Every structure is written in C-alpha cells, then in structure tokens.
Amino acid sequence: MSMPTFSYVRPRSLKEAIQHLSSDGARVHAGGTDLLGCLRDNVFVTRKVVSISGLKDLRGIQDTKEGGLRIGALTTIAEIANSKTVSDRYPALARGASEVASPQLRHQGTIGGNLCQKPRCWYYRGEFHCLRKGGNTCYAYQGENQYHCIFGSGHICYIVHPSDTAPALVAYEATVRVAGPRGTKPLPLEKFYVLPGQNVQKETILKSNEILTEILLPPPPKGSRSSYRKVRARQSWDFAVAGVALSLKFNEDLVEKTRVVLSGAAPIPWRSKEAEQALTGNRLKPATIKRTVDAALKNAEPLEKNGYKVQLFRGMLEEELQAIARS
Ligand SMILES: Cc1cc2nc3c(=O)[nH]c(=O)nc-3n(C[C@H](O)[C@H](O)[C@H](O)COP(=O)(O)OP(=O)(O)OC[C@H]3O[C@@H](n4cnc5c(N)ncnc54)[C@H](O)[C@@H]3O)c2cc1C
Ligand code: SF4
C-alpha cells in the first residue's frame, strides 16, 4: 500500500509548531515509529505532518527542585531505559521502558509518542471502518477478541491501551504538561486518558493543536517499593498481553499508600482502586495478597476469547505482590 501524500514541516519553536497544528488535519510527528505505520495503513489521513524533533527544550531528563524528575516528551525510550537516575528512583518506569518493542524502536521512539500512540486493535489497524474510526460497529466484540480488554469498555470499544511506560507513570502519580494556543497546563497523567464511554474516537484529552511537552515525576516517597511486569505472546518484540505496575509506600510493615495499575487490561492504564483499597492499611501477608487479587479481578468482564486474561492477571498480581513482600 502506498503512503498518501502530505506536506512536512519542522518548526523551530513550540509556538510555531502549535500554529502549524492549528491547520486542518495536521499531525504531530515525534519519532514516527507509530505515526508512519498509521499513515501507511490508512488508519487516518493527514495533510500536514508537523515534526517536533527540532524542539530541543523537549529533550532530556532533569532533576526538579522538589526532588523529582522532569522528562521531556522527546526523550527516547532508550534514554529512559538506560538512565541510572530513572532505574534507581523509578525502577518500574525503567523496566517498562526496557520492555518496549525492540532496541531500534526504543532508540527512535520517544516517551511523548509512547504515551500518545494509537491502539493496536487489529480491526482498527486493518481495513475495518469500526466505531473508533467513525463507523457504527465494533468488529472485535463478536470477532477475534483474544487480546482485547476485560475492564473499561463501557460495552462500546474493547481496545487495550498499548503503552508500557504509562502504567508505571500512573503508578508514580506522574503529571504531564500540555501546550496549546493558550499556553500550557499540567494535569495528572491519569486524567490525560479517555475511556470509550467518554469519547470512542479519542484516546487522550489532547486537541489536534496541542502538544505533550513534558512528564513530571514527584519525588519517590521514603519507604516505597515499586515494580512493573509485562507478559507478551512472543519472546521477541510485542505489546503487553497483560502488565502490572505497582507502587507501595510502607510505614513500618503496613501499606500506607499504594497504586495498582494494569496494562493490557483496559482502554486506559487501569487503576484497580479495589486492589488499592484491599492493600491499604494492611500488612503484605498471604491473606492480604489473596484479598487484593480477588478484589482486583472481581469486576472483570472478559469477552468470548480473552477469559484467560483473568487468570493471567490473578497470577501476575499475586507473584508481584509476593516479590514486593520478600524484598
Ligand atoms: C513493531 C512495533 C512494536 C512496538 N512495541 C511496543 C511495545 O512493546 N510497547 C510500547 O509501549 N510501545 C510499542 N510500540 C509503539 C510505539 O511506536 C513506541 O512505543 C514509541 O515510543 C512511539 O514514539 P514515537 O516518538 O515514535 O511516536 P510517533 O510515531 O511520532 O507518534 C505516535 C502518536 O503520538 C502523537 N504524538 C507523538 N508525540 C507527541 C507529543 N509530544 N504531543 C502530542 N502528540 C504526540 C503522534 O501524532 C502520533 O499519533 C511499538 C511500535 C512498533 C512499530
Ligand atoms: S475494539 Fe474498538 S478499535 Fe477495535 S473494532 Fe471495536 S470499536 Fe474498533
């Protein structure tokens, strides 16, 4: 299939980039590892590709004065995976980044693109004019739904959110900064994502003339432990069939605060508030772990071919919590 034609611009300032994006149908290009595939496969069309690769302020990892980290949206996944600062202070993020795709894609792909990438539902990526593309049917519902979601579909669209870094970032309570014609605004990453029940054609709150510029991580709390684990169908590069990002803050041996975020589970990085409630205020003993696992999967709604995910998440969550209890 040939690539439809479009113009290409590489602005030198954020303001100029936003002006270009304000013209009808323009799209942001960061590393292009996802965007070019979408254009080639006609998932959507564009008249103008706006490369943000010339915006140097959007690169790099820096300490914030509060003791956290600022990661520019153009920082590559490889830089994050290989950063000692990230792996020492935010190990689940380093792990998530190191599990993305292949070494080549990690060197080309950026964290901003990773958080904004389009879903991988094979109907959406194929020649099916499904609900998410403005059609009137979800082909996955009665079709090949083995990799689709078990939470959060709203019985509308069954995609899973594809990023390996987003679950860890939500677990660490990261904030993102979004720049648009009226300036910039910060918001919790958790609130950046949109469920099908809110808007079936959007994955994030971003407007077409807005750019995600940076990610801000708060300082890791004292006594916190965290992890990310991903299970994929193939050993080589592949998206998460299931993933679990955990962040637990202990006071003595009691869990004082926690975030449990599942990937490959829902159209957004899925916070299991039921699991968080079961853990909070308790010791990480086998009985607490069992209650947490039960609570996390209690409201799962598997489709005809993805019921295996319920057992998979149960096993992963149990093993990851046991590992944190031992550490
Ligand atoms: C073969 C293959 C395997 C992959 N495997 C994985 C995997 O295992 N795990 C995983 O998490 N990902 C995976 N990916 C997805 C993805 O390509 C990478 O994660 C990468 O990080 C995307 O970054 P990019 O800079 O190339 O994004 P681009 O392709 O440039 O952009 C992706 C999307 O985000 C938008 N965008 C990009 N940056 C911004 C910004 N700053 N502000 C607003 N919008 C923006 C673009 O308009 C586009 O719609 C895979 C991709 C491929 C092709
Ligand atoms: S799950 Fe969503 S993206 Fe996939 S076919 Fe259904 S509506 Fe389309």
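The values are calculated or read from the model by the stated rules, or taken from the named source; none is laboratory data. Just so you know, these numbers come straight off a predicted model, no measurement behind them. Heads up, the Cβs are rebuilt from the backbone with ideal geometry, glycines too, and the neighbour counts pull from every protein chain shown. SASA here: full protein model, heavy atoms, side chains in, ligands and nucleic acids out. Shrake-Rupley method; radii C 1.70, N 1.55, O 1.52, S 1.80 Å.
For the stretch 122-207, restrict the atom set to alpha-carbon positions and state the Rg and Dmax in Å.
14.7, 44
From the alpha carbon gyration tensor of the stretch 82-240, can you work out the equivalent ellipsoid semi-axes (sqrt of 5 times each eigenvalue) and give them in Å, largest to smallest?
They are 27, 21, 15 Å, listed from largest to smallest.
Which value in deg cm²/dmol, rounded to the nearest 500, describes the helix-derived mean residue ellipticity at 222 nm for the chain, given -39,500 (n - 2.57) per DSSP H run of n ≥ 4 and division by the residue count?
-8000 deg cm²/dmol
Heavy atoms of the protein only, probe of 1.4 Å, neighbouring chains included. What is the accessible area of residue 184 in Å², nearest 10?
Spelled out: residue 184, probe radius 1.4 Å, area about 80 Å².
Please express the Cα-Cα pair-distance distribution P(r) of the stretch 194-277 as a list of whole percents, one per 10 Å bin, running from 0 to the bin with the greatest distance.
Per 10 Å bin, starting at 0, the Cα pair percentages come out as 14, 32, 37, 16, 1.
Tell me, what is a quarter of the convex hull surface for the C-alpha atoms of the stretch 57-134, in nm² with one decimal?
Computing the convex hull of the Cα atoms and averaging its projections yields 6.9 nm².
At 1.4 Å probe size, with the rest of the protein present, what percent of the exposed accessible area of the chain is carbon and sulfur atoms?
51
Relative to the compact globular guide of 2.2 N^0.38 Å, what is the alpha carbon radius of gyration of the stretch 241-294, as a ratio?
Normalised by 2.2 N^0.38 Å, the Cα Rg of the stretch 241-294 equals 1.13.
Can you give the Rg to Rh ratio of the chain, both from alpha-carbon atoms, with Rh computed by the Kirkwood formula?
0.96
Using 0.36 nm per residue, how much length does the chain from residue 256 to residue 287 gain when fully extended, once their Cα-Cα distance is taken away?
Separation in residues times 0.36 nm, less the Cα-Cα distance, equals 9.4 nm.
How much space per residue, in cubic angstrom, does the convex hull of the C-alpha atoms of the stretch 150-289 take up?
137
What is the extension gain from residue 273 to residue 5, computed as 0.36 nm multiplied by their sequence separation minus the C-alpha to C-alpha distance, in nm to one decimal?
91.9 nm
Kindly provide log₁₀ I(q)/I(0) values, in the same order as q = 0.18 Å⁻¹, from the Debye equation applied to equal alpha-carbon scatterers of the stretch 287-327.
With one equal scatterer per Cα and no solvent, log10 I(q)/I(0) is -0.51.
Order these peptides, 148-161, 26-39, 303-316, by their mean beta-carbon neighbour count within 10 angstrom, highest first.
148-161, 26-39, 303-316
Using R₀ = 45 Å, calculate the FRET efficiency as 1/(1 + (r/R₀)^6) where r is the Cβ-Cβ separation of residue 319 and residue 202; round to 0.05.
The value I calculate is 0.85.
Express as a percent, rounded to the nearest 5, the fraction of DSSP beta bridges in the chain (both residues included) that run antiparallel.
85
Modelled label-to-label distance, residue 146 and residue 182, 7 Å Cα→beta-carbon offset: nm?
Distance between label points: 4.7 nm.
Take the alpha-carbon centre of the stretch 123-179, take the same for the stretch 17-39, and report the distance between them in whole Å.
If we compute the Cα centre of each part, the gap is 20 Å.
So in the stretch 10-160, what percent of DSSP beta bridges are antiparallel if you round to the nearest 5?
Bridges in the stretch 10-160 are about 50 percent antiparallel.
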